[in-house]
């Protein structure tokens, strides 16, 4: 038996309530997903962008660790469950219309990216040439 009641989200009753109210009423897209940007809680550096569905968002809130929806595998993805590189949730923020999330996380394990880098955002697009990628400045 769970120690906590099941998590439920508020209804999206009006634009005013969603944008100005203090109830969490997430809006998922036509595929049942919303983008979730993970950033380092200490530095603010971007770590990764993934997607959450209603179930993964509820699991994230319950576990205190990031759980995403893998679009490529079409299944839940508890970040770090197999790699040990899990993301401890420090804070979750939602935007004005509650259809995107920023997860402030403490990254545990060797790194965030499947390439074994600390972040998935390890290249910079060269502004003058849309085809060129650069290593980011330190």
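The values are calculated or read from the model by the stated rules, or taken from the named source; none is laboratory data. Being a predicted model, the structure only gives us computed values, none of them experimental. Neighbour counts are summed over all protein chains in view; Cβ atoms, including those assigned to glycine, are modelled from backbone coordinates with ideal geometry.
Mind checking which residues of region 80-90 are buried (at least 18 other Cβ atoms within 10 Å of the Cβ) and within 14 Å of residue 104 (Cα to Cα)?
Answer for region 80-90, where residues must be buried (at least 18 other Cβ atoms within 10 Å of the Cβ) and within 14 Å of residue 104 (Cα to Cα): 86, 87, 89.
Here are some conditions: (1) surrounded by 15 or more Cβ atoms within 10 Å (Cβ to Cβ); (2) within 17 Å of residue 42 (Cβ to Cβ); (3) in contact (Cβ under 8 Å) with a residue 60 or more places away in the chain. Residue 66 meets all but one. Which one does it not meet?
Condition not satisfied by residue 66: (3).
From (1) in a loop (DSSP other than H, G, I, E, B); (2) without any contact (Cβ under 8 Å) to a residue 40 or more places away in the chain; (3) within 13 Å of the chain's Cα centre (by Cα), pick out the condition that doesn't hold for residue 99.
All conditions pass for residue 99, except number (2).
Looking at region 97-106, is at least one residue more than 27 Å from residue 7 (Cβ to Cβ) and either surrounded by 12 or more Cβ atoms within 10 Å (Cβ to Cβ) or in contact with a helix residue (DSSP H, G or I) (Cβ under 6 Å, 6 or more places away or on another chain) (or both)?
The answer is no; no qualifying residue exists.
Within region 28-47, track down each residue that is under 12 Å from the mean Cα position of the chain (by Cα) and either in a loop (DSSP other than H, G, I, E, B) or under 14 Å from residue 100 (Cβ atoms) (or both).
Residues satisfying the conditions are 33, 34, 35, 36, 37, 38, 39, 46.
Can residue 93 be described as free of Cβ contacts under 8 Å to residues at least 60 places away in the same chain and over 28 Å from residue 4 (Cβ atoms)?
No.
Here are some conditions: (1) surrounded by fewer than 13 Cβ atoms within 10 Å (Cβ to Cβ); (2) closer than 30 Å to residue 124 by Cα; (3) modelled with pLDDT of 95 or more. Residue 30 meets all but one. Which one does it not meet?
Here residue 30 meets the rest and fails (2).
Is it the case, given these coordinates, that residue 76 is under 21 Å from residue 6 (Cα atoms), surrounded by 15 or more Cβ atoms within 10 Å (Cβ to Cβ) and touching a helix residue (DSSP H, G or I) at 6+ places or on another chain (Cβ under 6 Å)?
So residue 76 fits the description; yes.
Considering every residue within region 36-56, establish whether at least one is surrounded by 13 or more Cβ atoms within 10 Å (Cβ to Cβ) and over 30 Å from residue 123 (Cα atoms).
yes
Go through 58, 106 for me and flag whichever is under 30 Å from residue 23 (Cβ atoms) and part of a helix (DSSP H, G or I).
Being under 30 Å from residue 23 (Cβ atoms) and part of a helix (DSSP H, G or I) holds for just one of 58, 106, which is 58.
Scan region 5-27 and give yes if some residue there is touching a residue at least 24 places away in the same chain (Cβ under 8 Å), surrounded by fewer than 16 Cβ atoms within 10 Å (Cβ to Cβ) and under 30 Å from residue 136 (Cα atoms), otherwise no.
For region 5-27, residues touching a residue at least 24 places away in the same chain (Cβ under 8 Å), surrounded by fewer than 16 Cβ atoms within 10 Å (Cβ to Cβ) and under 30 Å from residue 136 (Cα atoms): absent.
Select from region 109-136 the residues that are outside any strand (DSSP E or B) and touching a strand residue (DSSP E or B) at 6+ places or on another chain (Cβ under 6 Å) and write down the one among them that is farthest from residue 44 (Cα to Cα).
126
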